[in-house]
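Student: Dumping the structure here so I can ask a few things about it.
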Amino acid sequence: MKPVKVGICGLGTVGGGTFNVLQRNAAEIVRRAGRDIEVAQIATRRLNPACSLGDTEVVDDVFVLVNNPEIDIIVELIGGSDVAREVVLQAIANGKHVVTANKALIAVHGNEIFEAAREKGVMVAFEASVAGGIPIIKALREGLAANRIDWVAGIINGTGNFILTEMRDKGRTFADVLAEAQALGYAEADPTFDVEGIDAAHKLTIIASIAFGIPLQFDKAYTEGITQLTTADVNYAEEFGYRIKHLGIARRTESGVELRVHPTLIPADRLLANVKGVMNAVMVNGDAVGSTLYYGAGAGAEPTASAVVADIIDVVRTLTTDPNNRVPHLAFQADSLSDFPVLPVGDVNTAYYLRLHAKDRPGVLAKVASILSERGINIESIIQKEAEEQDGLVPIILMTHRVREQSMNEAIAALEALDDIAAPLMRIRVEQLN
Ligand code: HSE
């Protein structure tokens, strides 16, 4: 049988890893796919020193590949949304299957892309777009297909987790660790996507659609980064038996879906709390299976290539199948997606960690307690530290029970308005994950 011809668009970290894995494991891959897979052309403006391309043809224009009638599968690894969207839509229009690692593209333009792909009867595979080498899309879409998924919580940005881990374990500065993550090829082209939670929100948007059968709605995801976290918060969290992780959380509630990325205190003995460095982990809770956990490298050349190449193999295996009987892109049949709403963050329910700095006077704690109790916020525990030398203010750290975010926002505004409290105070959401 003729080999299946693949065109790789982009030969950066992931493109280079994909080429190398396809070459190195060619014999194993053909045994799995049932056909030879040949890289017919590569589009790149810069050669990757990690790749020995031999006589593989290299061009600098991605559209040469997209319009090459010989190519069956376009592997889009250029990143970004604009050119990548054009590449993918043009490839689909030309009847080609697409494999992509591009989470921004799928989170923002996925609904349009999947509709175009359905009309043409081609596949768009995107396992590498979420959590690098962890096959979480396949697990959710196929392995857990029997379940009603109740929630998903994950560490889905390797750069952010690497930064938090190094800051906590080695006392390194934020900027120093970020520079290392960039040098190692983990960080996005614009690293604010990593540290402000945008990259994680792209991935969470994709996870939530597949978990709950809703259209992709990146614009409704709540996103908060890790740049405001201090070593003091990391240490206070430890005193309460918690660790701070940058989590993406998607939860089904009676009134809608929570879709949020933010720093989160989780109990230090949870498996997720012990995921370190660039590793990712995603916890999925289904009604039949209970809690399951998926762990692995969330970024880097070959871990991400592992997911890209698995998708290529999947596409090759299904080339001759009836397009109507393939696994749907978003796990649920396209005409069965639900209009269940994504909740505004004010409607989310969580517990909270609050750190405030107060004047050391009688009655301050009573005022704090009364502002919280007036809004139905129940304090679970509280510690007061020694006054800090420079300003004479005493740090007070509170943990609360679960409350609607809107009530907490009102309480925080009232606390910050007190003369005795220095604004702004620090608020971090708390999840038990049980
Ligand atoms: N910048 C991403 C991360 C790469 O650090 O997780 C993988 O999506």
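Taken together, the values in this text are just the output of simple stated rules run on the coordinates, not laboratory data. Remember, predicted model here, so these are calculated numbers, not experimental data. Cβ coordinates were reconstructed from backbone atoms using ideal geometry, including for glycine residues, and neighbour counts include every protein chain displayed.
Student: Given N residues in region 53-137, what is Rg(Cα) / (2.2 N^0.38 Å)?
Tutor: The reported ratio for this selection is 1.07.
Student: Run the dipole for the chain about the Cα centre, Lys and Arg Cβ at +1, Asp and Glu Cβ at -1, nothing else charged, and hand back the magnitude in debye, nearest 20.
Tutor: It comes to approximately 920 debye.
Student: Using the Kirkwood radius over Cα pairs, work out the Stokes-Einstein diffusion coefficient for region 132-266 at 25 °C and 0.890 mPa s, in µm²/s as a whole number.
Tutor: Rounded to a whole number, D works out at 156 µm²/s.
Student: Taking every pair of alpha-carbon atoms in region 348-430, what share in percent sits in each 5 Å bin, from 0 to the bin with the longest distance?
Tutor: For region 348-430, the binned pair fractions read 3, 16, 29, 28, 15, 7, 2, 0 percent.
Student: Here is a follow-up. Cut-off is 10 Å between beta-carbons; in what order do HIS109, HIS97, HIS401 appear when sorted fewest neighbours first?
Tutor: Ascending Cβ contact count within 10 Å gives the list HIS401, HIS109, HIS97.
Student: Could you pull out the pairs from LYS103/LYS245; LYS359/LYS385; LYS170/LYS276 whose alpha carbons sit more than 18 Å apart here?
Tutor: With Cα atoms farther than 18 Å apart: LYS103/LYS245.
Student: Based on the mean of other Cβ atoms within 10 Å per residue, sort peptides 19-26, 370-377 so the most packed one is first.
Tutor: 19-26, 370-377
Student: Region 205-256: Rg/Rh from Cα coordinates, Kirkwood Rh?
Tutor: 1.11
Student: If you don't mind, another one. Measure out, as a whole number of angstrom, how far apart the alpha-carbon centroids of region 155-189 and region 72-145 sit.
Tutor: Spelled out, the Cα-based centre of one part sits 27 Å from the other.
Student: Tell me, what HN-Hα J-couplings in whole Hz come from the Karplus equation 6.51 cos²θ - 1.76 cosθ + 1.60 at θ = phi - 60° for each residue of region 419-433, using x for Gly and Pro?
Tutor: Rounded to whole hertz, the list is 4, 7, 10, 7, 9, x, 8, 9, 10, 10, 6, 10, 10, 8, 6.
Student: Of the peptides 202-209, 101-108, 261-268, how do they stack up when ordered by the mean number of other Cβ atoms within 10 Å, highest first?
Tutor: The packing order, highest mean first, is 202-209, 101-108, 261-268.
Student: Okay, next question. Determine which lysines satisfy two conditions relative to LYS96: a Cα distance under 18 Å, and not lying fewer than 8 residues away in the same chain.
Tutor: LYS2, LYS5, LYS120
Student: If you don't mind, there's one more thing I want to ask. Using the C-alpha atoms of the chain, what convex hull volume per residue, in cubic angstrom, is computed?
Tutor: 144 Å³
Student: Right, something else. Enumerate by residue number the GluC sites (Glu not before Pro) in region 187-259 meeting two conditions: DSSP loop (anything except H, G, I, E, B), and at most 15 other Cβ atoms within 10 Å of the site's Cβ.
Tutor: Here the sparse-neighbourhood loop sites are GLU254.
Student: Can I ask one more? Any chance you could run the full-extension gain for ASP391 through ARG46? It's 0.36 nm times the residue separation minus the Cα-Cα distance, nm to one decimal.
Tutor: Result: 118.8 nm gained on full extension.
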